[in-house]
Amino acid sequence: MTITIDVALVHRLVAEQFPDLAHLAISPVVPGGWDNRTFRLGDNMLARLPSADRYVAQVAKEHRWLPVLAPHLPLPIPVPLARGEPSQDYPWPWSIYRWLPGNPVAREPQADLNRAARSLADFLGALHRIDARDGPPHGDHNFHRGGPLAVYAREVQAALAVLGETAETGVLRDVWANALESQWERPPVWVHGDVSGGNLLVRDGDLSAVIDFGSSAVGDPACDLVIAWTLFSGESRATFRAALSLDEKTWRRARGWALWKALITVTAPDIGQDGAEASWRVIADVSADHRQGLQT
């Protein structure tokens, strides 16, 4: 089902279901997201609408768990204010959240990445310490973030086959094999599931909020470490790694998560130049980290 999610649709939904908010200005947030489309609602709120059926389960999950997680975390996270219902124009539940000021770190070149690395490590450490016994297990609802990497083995092998057999792809096969050699053997912990430059907000150069918990679950924290290669480098990557009490096997699985996403991106038929270049950098970095690990 293809749904046109635009300002006019959001106006209708708000007017029908929350008439006290109908007078507020609505404008699209740029970038507006992939799993969900986001619109600013007045000065202090935003409306967030799933873009396809496979993202709908995220709505109930965020409304259930974000208020539980927030008091234990050192940075603000989204605050659900109201839950919208399906309508004649739109077939799925949707949400209104409190607006969190800031810009995505990926779009703020003046952000201090060393400070951001320390702040993010503190945030993830706090997230991992929250009682996860009743949390949602990983699965289709969050694209298996926090689960075993082997679920994506076919995709990785297919991407490597597209790239062909070279010395470099031999290294990548080793990175992937190393990632599959271990699993998380401690109790499951909360994972964000999509720690990326677009989901980390900064103000005045500092990390100010973490958004989009649609891929959250409880399981293996390795998936949340991919940011070490997609955003950080050099000193900031070292800072991030040193601030987290995680073993080498977890970092190997993290390299596997980073490699999977980068490989399926560079071999996608419709990938743009910017996305391809960024993913090739990730591939080069995880390869270099793997070689360095062999030497130490």
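Look through the range 174-208, keep the residues that are of a type in the set (Ser, Thr, Tyr) and within 22 Å of the chain's Cα centre (by Cα), and return whichever of them is surrounded by the fewest Cβ atoms within 10 Å (Cβ to Cβ).
Keep residues of the range 174-208 that are of a type in the set (Ser, Thr, Tyr), which gives 182, 196, 208.
Next, from what is left, pick out any that are within 22 Å of the chain's Cα centre (by Cα): 196, 208.
Values: SER196: 17, SER208: 19.
By that ranking, first place goes to SER196.
Mind checking which helices (runs of 4 or more DSSP H) fall wholly inside the range 198-271 and carry at least 2 residues that are basic (Lys, Arg) and touching a helix residue (DSSP H, G or I) at 6+ places or on another chain (Cβ under 9 Å)? Show your work before the answer.
Values: elements: 227-230, 234-242, 248-266.
The helices (runs of 4 or more DSSP H) meeting that bar are 234-242, 248-266.
If you take the residues of the range 42-60 that are closer than 24 Å to VAL218 by Cβ and in contact with a Ser or Thr (Cβ under 7 Å, 6 or more places away or on another chain), which of them is surrounded by the fewest Cβ atoms within 10 Å (Cβ to Cβ)?
Among residues in the range 42-60 that are closer than 24 Å to VAL218 by Cβ and in contact with a Ser or Thr (Cβ under 7 Å, 6 or more places away or on another chain), the one surrounded by the fewest Cβ atoms within 10 Å (Cβ to Cβ) is VAL59.
Is it true that THR250 is modelled with pLDDT under 95 and either over 20 Å from GLY146 (Cβ atoms) or touching a Pro at 6+ places or on another chain (Cβ under 8 Å) (or both)? First the steps, then the outcome.
Values: modelled with pLDDT under 95: no; either over 20 Å from GLY146 (Cβ atoms) or touching a Pro at 6+ places or on another chain (Cβ under 8 Å) (or both): yes.
Against the criterion (modelled with pLDDT under 95 and either over 20 Å from GLY146 (Cβ atoms) or touching a Pro at 6+ places or on another chain (Cβ under 8 Å) (or both)), THR250 does not qualify.
Among the numbered criteria (1) among the β-branched types (Val, Ile, Thr); (2) out of contact with any Gly (no Cβ under 9 Å at 6 or more places or on another chain); (3) buried (at least 18 other Cβ atoms within 10 Å of the Cβ), which one does VAL171 miss?
All conditions are met except number (3).
What are the residues in the range 151-161 that are surrounded by 12 or more Cβ atoms within 10 Å (Cβ to Cβ) and either without any contact (Cβ under 8 Å) to a residue 24 or more places away in the chain or aliphatic (A, V, I, L, M) (or both), if any? Steps first, answer last, please.
First pass over the range 151-161, keeping only residues surrounded by 12 or more Cβ atoms within 10 Å (Cβ to Cβ): 151-153, 155-160.
Matches in the range 151-161: VAL151, ALA153, VAL156, GLN157, ALA158, ALA159, LEU160.
Looking only at the range 103-148, filter to residues that are out of contact with any Ser or Thr (no Cβ under 8 Å at 6 or more places or on another chain) and of a type in the set (S, T, N, Q); which one of those is modelled with the highest pLDDT?
Among those that are out of contact with any Ser or Thr (no Cβ under 8 Å at 6 or more places or on another chain) and of a type in the set (S, T, N, Q), it is SER119.
The values are calculated or read from the model by the stated rules, or taken from the named source; none is laboratory data. These numbers were taken from a predicted model, which means no experiment stands behind them. Positions of Cβ are backbone-derived with ideal geometry, glycine not excepted, and every protein chain shown enters the neighbour counts.
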